[in-house]
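The values are calculated or read from the model by the stated rules, or taken from the named source; none is laboratory data. Please read these numbers as outputs of a predicted model, since none were measured by experiment. Cβ atoms come from the backbone with ideal geometry, glycine included; neighbour counts cover every protein chain shown. Calculation scope for accessible area: heavy atoms of the full protein, side chains included, ligands and nucleic acids excluded. Shrake-Rupley method; radii C 1.70, N 1.55, O 1.52, S 1.80 Å.
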Amino acid sequence: MRYLCVHGHFYQPPRENPSLEAIELQDSAYPYHDWNERITAECYAPNAMSRILDDQERIIQLVNNYAQISFNFGPTLLSWLEAKAPKTYEALLDADRASREKFAGHGSAIAQAYNHMILPLANGRDRLTQIKWGIRDFEHRFGRVPEGMWLPETAVDTETLELLAAQGIKFTTLAPRQASRVRKRGARTRHDVTGDRIDPSRPYLVRLPSKNQINVFFYDGPISQGVAFERLLDNGRRFADRLLSGFSDARQWPQLVHIATDGESYGHHHRFGEMALSYAVHHIESNKLAELTNYAQFLERHPPDHFAEIVENSSWSCVHGIERWRANCGCNSGGRAGWNQEWRGPLRSALDWLRDTLAPLYEQKAAPLLKDPWLARDEYIRVILDRSPENLAKFFAEHATHPLQHCEQVAALKLLEMQRHAMLMYTSCGWFFDELSGLETVQVIHYAGRAIRLAEEVLGQPFEAGFLERLAAAKSNIPENGNGKQIYEKQVRPAFVSTDQVAAHYAISSLFETYGERTRVYCYSVEREDYSLEVEGKHRLAIGRARLSSEITTETHTLSFAVLHLGDHNLAAGVQPFEKLEQYENLKKSLTESFSRADTTGAVQTLTELFSNNTFSLRTLFRDEQRKIVDVILNESLATAAAAYRNIYENQAPLIRFLHALGIPVPSAFQSAAEIALNSQLRQALEREEPDTDSIQSYLKEAAASHVKLDVPGLEYAVRNRLEREARQFAAQPTNIEVVQKFRKLLEFVATLPFPAALWEVQNISYNPLIRAMDELRREPEKGNDAVNSTLDELAILREKLRIDRG
C-alpha cells in the first residue's frame, strides 16, 4: 500500500540563433561548446548510465534512471538531444519502453506544452497549439499517445485544464499550493486546503465547466523543496530516508509519495545527484520499503475518490501566482541589490502587440494558400519534426487550397515560421530571471526579431519600428544597456542572417576547408555550380557560383562570390546575384588577371567595384566557423609566441624559483611567460597520439616549482578525451592483452596527475566489454592457459583502476 514516484522536469531555455536554427559557440560553457552540451555531460547523460556503488565506492551496477522515475523533457531540448547527443536521446526512448514493461504498460515519459510558454497568460489559440504541438512531438518521439502532460512552471487555470482534457490528456502534476478546496466523493462538504495543506498522497479529480474532468497529482512540497534547496542529494541514503518519511501509518488508503523537481537537480545543480537518486530508488525497491510506480499506473490501480479545485492563475515558482511572467512581483533569482523587474510588463506588452498585429495579417495572407490557416499552424509541427521534401509535399497536399507553385510554398512557410517564432518569443525563461539584458530574455527578443523579419518579407509591411517603440518602455537595470530598444539594436539586429551572409560564410570558409559539390551550412544547403582557387604564396583567391536553399522556407538564391585572402586575418569577400552568366565570367576573368599580376591593390579594388561594395570580412563569419578559422590563422603565430614565451621562461626559470624561495613577488611578465609556456606544452604533450609521460611529469614538476597555475579545465578535458579514445579501443578488443595493458598504464599515469580526470564516460564505455571479456575468459576450455590467465590478471587490475566491482 506504499507507492513511490519521483518526477523530473528536464528542460533548458532554447539557445539557438533563430536565423540559423543552431546554437553558436558559448564561451561561458568552456570547455564545452555550449550550455546544452555542458548540462548534458553533467546531468542528462549521467542519468542514462548512473552508478550504484558498494561500500568501497566501486560500481556494482549501471542503471538508466529514466526507466525508474517519471520524467518529461522539453520538446525543444529533445530536438537538440536527437541531433547533438543521440546516445542520450536513445536512452530516453529506451527508458520509456522499459518503464512500460515495469509499470504494466504505462510509460514513465509524459508530454510537455511545446516551448515552455506560460499557458494562462497565452491567448486561447496559442494555448491550443502549444498543447497540440507537445502531444504530436511526444507521439513522434516515443511512439505512443501521452497519458500526462507537464505544464510549464506548472502554471494553470481552468481554461488550460479544459484544453488538456479535450486533447485526451489524463493527468497533470501541480504544486500543493495550487490546490484550493477538496471533497470526498459522495460528500457535500468542501475543505479549504490553501496554503500547502492538501494531502499529496492521493490523486484528485478536477471537474471542469464543460463536464469534462482531469486527474491532478499535487506533489509533496517539503520533500521536493529539500531536493532543490536542502542538499538531500549529497547522500543517497539520506535522500531515501526523506522520501520514506512522506508515508504515514495514519493513512488507511494506498498512499503515493511523489516529488517533482527540475531534472537538472540530479547532476547539474547538485554534482553526483544522479547517483543519490539511483541509490535511493535501488535501496527502497530492493528492501521492499515501497513499490516504485508512475502516475499513469497508480491512476489505473487506484482511481481518485476525492475531488479538488485549483487556485486559478497559480504556478510552482511564483508565490504571487503567475505575476513573475508579467510584473515586478518581487520573485527573482537572487539579483543584485537595487535591481527591479519593472521591465517584465513592458516586454510582455510589446510581444502581445506584435502577436496581435501579426495574427489577422497571417490569417488574411494565408487564406488563399491554406484551407484553414490556424489548423495548418496546429499541424505544422509535423513539418518541424520532418522537413524532408516528401513530408512537406504531404503537408501541402492536405492543407493547401490548390497545388502551390514554389513561390507560394515559400510564402506559406514564411507565414507559418512567423507564427512559430511568435510563439517561441513567449518562452517563460525570458521573464524568470532578474535582468532585461540577460541571455534568456535577449533570446525571446531574438525570436520576436525573427518573427518581425519574416513578417516584413512576406507581408511587405514595416513592423520593427512599432515593436521597438513599445520595447523601449522596458528599462534595463544596467545603465549602459539602456532599454529594450537599445538591446535589440545592439544584440538582436546584428544576429540577423541574410542569404548573402551565408554565401559569404561559405566563400570564406572554403579557403580553409574542402567542400564537396553539396554542403550544409547550418539550415542552408549549398550546391556548388562553379569554383576555382588561385594560390600565390600566402595569397589566395577563390571565385565561385552556388545555389543556396533554406531548409526552413525552401527559398532559393543563386549567388556569385569571390574571396581574396592576403594572409593572416586580412581577407575580403564579395557576393552578388549576377543574373547573367556573362557577368560572372567577366568578374572571374578580371579578378584572376589582377591576382596573377600580383596586383594586390588592383584585385581588392576590382572586387569592391564589381560587387558594388556588398563585401564581407572575417567578422561576417558565424561564430563557430569564425573561431575555427581564427585558430587556423593563429596557429603559426601562436607557435611562434609559445616558443618565445618558452625561451623567456627557460632563461628566467632559475630566477623565478629563487624569487619564490625568498618570498619575493615574481614580476608578472615572468609569471605569465611561465604559465603560458608550461600550460601550452602540457596540452600538446597530452594531445599527442602517444603521450610522452616522462615529459608531462617533467612539465608538472616545473609548474609546481615555479608556482604556475595550471589550466585545469582545459588539461582535464584533454586527458579525458585521451582516456575515452583508449577506452573505445579497449571496448573493440577487450581480450587483446597489449590493448588492455596500454589502457591500464594510461589509467595509472592519469592517477598521478595533480588534478582528477572524470572517468564517467570511460567507465561507461568499458563496463560491459570488461565484464563480458572476463566471463568469456573464465569459461575458456583452456582456463589454465598462461596467456588466458595473464589476460585475466590484467583485466582484474583494469577493473580496479576503473572502480568496477564484479557484482
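Given the condition closer than 25 Å to residue 715 by Cβ, of a type outside the set (Phe, Trp, Tyr) and surrounded by 14 or more Cβ atoms within 10 Å (Cβ to Cβ), answer yes or no: does some residue in the range 790-799 qualify?
The answer is yes, given that some residue of the range 790-799 is closer than 25 Å to residue 715 by Cβ, of a type outside the set (Phe, Trp, Tyr) and surrounded by 14 or more Cβ atoms within 10 Å (Cβ to Cβ).
Hey, does the range 562-577 have a residue that's assigned to a loop (DSSP other than H, G, I, E, B), open to solvent by less than 20 Å² (accessible area, probe 1.4 Å) and either under 14 Å from residue 511 (Cα atoms) or in contact with a Leu (Cβ under 8 Å, 6 or more places away or on another chain) (or both)?
Yes, because at least one residue in the range 562-577 is assigned to a loop (DSSP other than H, G, I, E, B), open to solvent by less than 20 Å² (accessible area, probe 1.4 Å) and either under 14 Å from residue 511 (Cα atoms) or in contact with a Leu (Cβ under 8 Å, 6 or more places away or on another chain) (or both).
Does residue 709 satisfy the condition of being among the basic types (Lys, Arg), part of a loop (DSSP other than H, G, I, E, B) and surrounded by fewer than 20 Cβ atoms within 10 Å (Cβ to Cβ)?
Against the criterion (among the basic types (Lys, Arg), part of a loop (DSSP other than H, G, I, E, B) and surrounded by fewer than 20 Cβ atoms within 10 Å (Cβ to Cβ)), residue 709 qualifies.
Specify which of the listed residues (526, 444, 521) is within 30 Å of residue 610 (Cα to Cα), modelled with pLDDT of 95 or more and open to solvent by less than 10 Å² (accessible area, probe 1.4 Å).
526
Being part of a helix (DSSP H, G or I), open to solvent by 30 Å² or more (accessible area, probe 1.4 Å) and not basic (Lys, Arg) is the requirement here; does residue 398 meet it?
Yes.
Looking at residue 752 and the list (1) assigned to a loop (DSSP other than H, G, I, E, B); (2) without any contact (Cβ under 8 Å) to a residue 60 or more places away in the chain; (3) buried (at least 16 other Cβ atoms within 10 Å of the Cβ), which single condition is not satisfied?
(3)
Please work out if residue 590 is more than 30 Å from residue 395 (Cβ to Cβ), touching a Ser or Thr at 6+ places or on another chain (Cβ under 6 Å) and open to solvent by 40 Å² or more (accessible area, probe 1.4 Å).
yes
Restricted to the range 729-771, and to residues that are in contact with a Lys or Arg (Cβ under 8 Å, 6 or more places away or on another chain) and among the small types (Gly, Ala, Ser), which residue is modelled with the lowest pLDDT?
758
Looking at (1) more than 17 Å from residue 302 (Cα to Cα); (2) not in a helix (DSSP H, G or I), find the lone condition where residue 202 falls short.
Among (1) more than 17 Å from residue 302 (Cα to Cα); (2) not in a helix (DSSP H, G or I), residue 202 violates only (1).
Are any of the residues in the range 734-742 within 30 Å of residue 677 (Cα to Cα), assigned to a helix (DSSP H, G or I) and not hydroxyl-bearing (Ser, Thr, Tyr)?
There is at least one residue in the range 734-742 that is within 30 Å of residue 677 (Cα to Cα), assigned to a helix (DSSP H, G or I) and not hydroxyl-bearing (Ser, Thr, Tyr).
Answer yes if at least one residue in the range 362-371 is among the acidic types (Asp, Glu), within 15 Å of residue 426 (Cα to Cα) and in a helix (DSSP H, G or I), and no otherwise.
Checked against the condition, which is being among the acidic types (Asp, Glu), within 15 Å of residue 426 (Cα to Cα) and in a helix (DSSP H, G or I), the range 362-371 yields no hits at all.
Sort out which residues of the range 662-690 are exposed (fewer than 13 other Cβ atoms within 10 Å of the Cβ) and at pLDDT below 75, and write them in order of number.
Of everything in the range 662-690, those that are exposed (fewer than 13 other Cβ atoms within 10 Å of the Cβ) and at pLDDT below 75 turn out to be 662, 669.
What strands (runs of 3 or more DSSP E) completely inside the range 1-110 contain at least 2 residues that are open to solvent by 20 Å² or more (accessible area, probe 1.4 Å) and under 30 Å from residue 797 (Cα atoms)?
59-63
Is it the case that some residue within the range 496-517 is at pLDDT below 95, surrounded by fewer than 17 Cβ atoms within 10 Å (Cβ to Cβ), within 30 Å of residue 341 (Cβ to Cβ) and under 28 Å from the mean Cα position of the chain (by Cα)?
Within the range 496-517, one or more residues are at pLDDT below 95, surrounded by fewer than 17 Cβ atoms within 10 Å (Cβ to Cβ), within 30 Å of residue 341 (Cβ to Cβ) and under 28 Å from the mean Cα position of the chain (by Cα).
Is there a residue being part of a helix (DSSP H, G or I), open to solvent by 40 Å² or more (accessible area, probe 1.4 Å) and hydrophobic (A, V, I, L, M, F, W, C) anywhere in the range 714-729?
no
Among the residues of the range 479-495, write down those that are open to solvent by 40 Å² or more (accessible area, probe 1.4 Å) and of a type outside the set (S, T, N, Q).
479, 480, 485, 489, 490, 493, 494
Does residue 518 satisfy being touching an Asp or Glu at 6+ places or on another chain (Cβ under 6 Å) and free of Cβ contacts under 8 Å to residues at least 60 places away in the same chain?
Criteria met by residue 518.
Determine, yes or no, whether residue 539 is of a type outside the set (Ser, Thr, Tyr), surrounded by fewer than 18 Cβ atoms within 10 Å (Cβ to Cβ) and under 34 Å from the mean Cα position of the chain (by Cα).
no
I'd like to verify a number: residues in the range 676-707 that are within 17 Å of residue 721 (Cα to Cα) and in contact with a Pro (Cβ under 8 Å, 6 or more places away or on another chain), how many?
Count: 1.
Can you name the condition, by its number, that residue 229 falls short on among (1) open to solvent by 10 Å² or more (accessible area, probe 1.4 Å); (2) modelled with pLDDT of 95 or more; (3) out of contact with any helix residue (DSSP H, G or I) (no Cβ under 6 Å at 6 or more places or on another chain)?
Of everything listed in (1) open to solvent by 10 Å² or more (accessible area, probe 1.4 Å); (2) modelled with pLDDT of 95 or more; (3) out of contact with any helix residue (DSSP H, G or I) (no Cβ under 6 Å at 6 or more places or on another chain), residue 229 misses just condition (2).
Just checking, does the range 164-171 include any residue being in a helix (DSSP H, G or I), of a type outside the set (Ser, Thr, Tyr) and open to solvent by 10 Å² or more (accessible area, probe 1.4 Å)?
yes
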